[in-house]
Amino acid sequence: MSEIDSLKSQLESLQAEALAAFAGAADLSGLQALRVQYLGKKGALTEVLKGVGKLAPADRPVIGKFVNQTKQALAAALDAAEAELAIKAKAARIESERIDVTLSGRKAGRGALHPVQQGLDELTAIFSQMGFAVAEGPEIEDEFHNFDALNIPPEHPARAMHDTFFLKDIQGDDGEPMLLRTHTSPVQIRAMKHFLAEGGEPPLAVVAPGRVYRCDYDVTHSPMFHQVEVFKVGRDVSLAHLKGVLQHFLSAYFEKDVAIRLRPHYFPFTEPSAEVDIGCVFCAGKGCRICKGSGWIEVLGSGMIHPNVLKSVGIDADEFSGFAFGLGVERMVMLKKGIPDLRLFFENDVRFLSRMGVMK
Ligand code: PHE
């Protein structure tokens, strides 16, 4: 075979091989690699061209023309293959983005109020309907409002019993130590002071819901929990008023006539003081595991506001008297809904929350 025929046949088989390779390219980047492989500076076509130098000068234009034809054929085939792959890629994208517009939609989950929030709302609403004004106080308190003004002087044992969280890095305006309030009773002081500063004269009746903190954690205690404080100050406010309000409120909250009993107790800020029990809501007073067989369940602390507390805000204790009580919201919700463990409120297990949640 002459040199020229040999080169021609090399070019023909190169073209056949290249066209087959282009047709089989899977994607655009594969095709780009083939372009380099065949038409690149160091590609297969260049390799064949090296043989042209060995030809007789007269034969060179002949083979040159043939090389150009091959080059054009390959370039055209590459362009065609590229266009085809682009169409295929687009079709694949459209296919992958296809949506079935006839499918029914997914339901968006609905939120619900946390059971403690529901309890706070329910309890506050009952007192609000009875004419008590709603008040709130700060969770970061000073010792005056949390203790001193409530007749708990510095060396009083009740102070130690409160498991107080003191705040290391925060001080009051006068440099006094600050703490997380251990109960909502300081709102009694703040609400009375505010009321008097506005020029008010008793009677005044207030309900104060809010968060409180104690350094304590077990089945029935959490370091943060909620209380509702209720108090009334006026002329001739007596224990009978306290009992009447308790009776009405506890029956409204538990949605049945509950029996109540007042048991003598001690709180520094009330005198006399009483713990309040209700007839067991689980066994109707017959005695069960929850009331430990007694038929009674303790629900809150109460009493007649101590004269020293009234004096601390400048109310004349000879002229005015008042009652006060404070209750734990988690405990009230546990009793109403039969929830056995306080920690359930704070674990945020959605199974518990959605079962207890009431949609609003
Ligand atoms: N502050 C008391 C407590 O947290 C409850 C209470 C309030 C008792 C008002 C009597 C009167 O334990």
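The values are calculated or read from the model by the stated rules, or taken from the named source; none is laboratory data. For clarity, every value in this text was computed on a predicted model and none was experimentally measured. We place every Cβ from the backbone using ideal geometry, glycine too, and count neighbours over all the protein chains shown.
When you scan the stretch 114-136, do you find a residue that is within 30 Å of Gly234 (Cα to Cα), assigned to a loop (DSSP other than H, G, I, E, B), in contact with a His (Cβ under 9 Å, 6 or more places away or on another chain) and of a type outside the set (Phe, Trp, Tyr), even just one? Yes, the stretch 114-136 contains at least one residue that is within 30 Å of Gly234 (Cα to Cα), assigned to a loop (DSSP other than H, G, I, E, B), in contact with a His (Cβ under 9 Å, 6 or more places away or on another chain) and of a type outside the set (Phe, Trp, Tyr). Those helices (runs of 4 or more DSSP H) of the stretch 293-360 in which 2 or more residues are on the phi > 0 side of the Ramachandran plot are absent. Any residue that is more than 14 Å from the ligand (Cβ to nearest atom), more than 22 Å from Leu120 (Cα to Cα) and at pLDDT 95 or above - is there at least one of those in the stretch 281-290? No, because not a single residue in the stretch 281-290 is more than 14 Å from the ligand (Cβ to nearest atom), more than 22 Å from Leu120 (Cα to Cα) and at pLDDT 95 or above.
Yes or no, residue by residue, for (1) assigned to a helix (DSSP H, G or I); (2) in contact (Cβ under 8 Å) with a residue 60 or more places away in the chain; (3) more than 14 Å from the ligand (Cβ to nearest atom); (4) touching a Pro at 6+ places or on another chain (Cβ under 6 Å):
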{"site": "Asp236", "(1), (2), (3), (4)": "no, yes, yes, no"}
{"site": "Leu242", "(1), (2), (3), (4)": "yes, yes, no, no"}
{"site": "Ser251", "(1), (2), (3), (4)": "yes, no, yes, no"}
{"site": "Lys256", "(1), (2), (3), (4)": "no, no, yes, no"}
{"site": "Leu262", "(1), (2), (3), (4)": "no, no, no, no"}
{"site": "His265", "(1), (2), (3), (4)": "no, no, no, no"}
{"site": "Ser273", "(1), (2), (3), (4)": "no, no, no, no"}
{"site": "Val276", "(1), (2), (3), (4)": "no, no, no, no"}
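In the stretch 299-322, the residues that are in the same structural domain as Ser185 (by TED's automatic domain parsing) reach residues that are among the acidic types (Asp, Glu) and surrounded by fewer than 21 Cβ atoms within 10 Å (Cβ to Cβ) with C-beta atoms within less than 6 angstrom, at least six apart or across chains, in these pairs: Gly301/Glu275; His306/Glu271.
If you check Lys71, Lys65, Lys41 for being loosely packed, with under 12 Cβ neighbours inside 10 Å and assigned to a helix (DSSP H, G or I), only one passes: Lys65. Of all residue pairs spaced 6 or more apart or on separate chains, none has beta-carbon atoms under 9 Å together with a first member in the stretch 55-71 that is more than 18 Å from Ala18 (Cβ to Cβ) and a second member that is β-branched (Val, Ile, Thr) and at pLDDT 85 or above. Filter the stretch 305-349 down to the residues that are surrounded by fewer than 19 Cβ atoms within 10 Å (Cβ to Cβ) and of a type in the set (S, T, N, Q), then identify the one that is farthest from the ligand (Cβ to nearest atom). Here the residue is Asn348. Checking the structure you have, find out if any residue of the stretch 173-186 is within 16 Å of the ligand (Cβ to nearest atom), at pLDDT 95 or above and small (Gly, Ala, Ser). Yes, the stretch 173-186 has at least one match.
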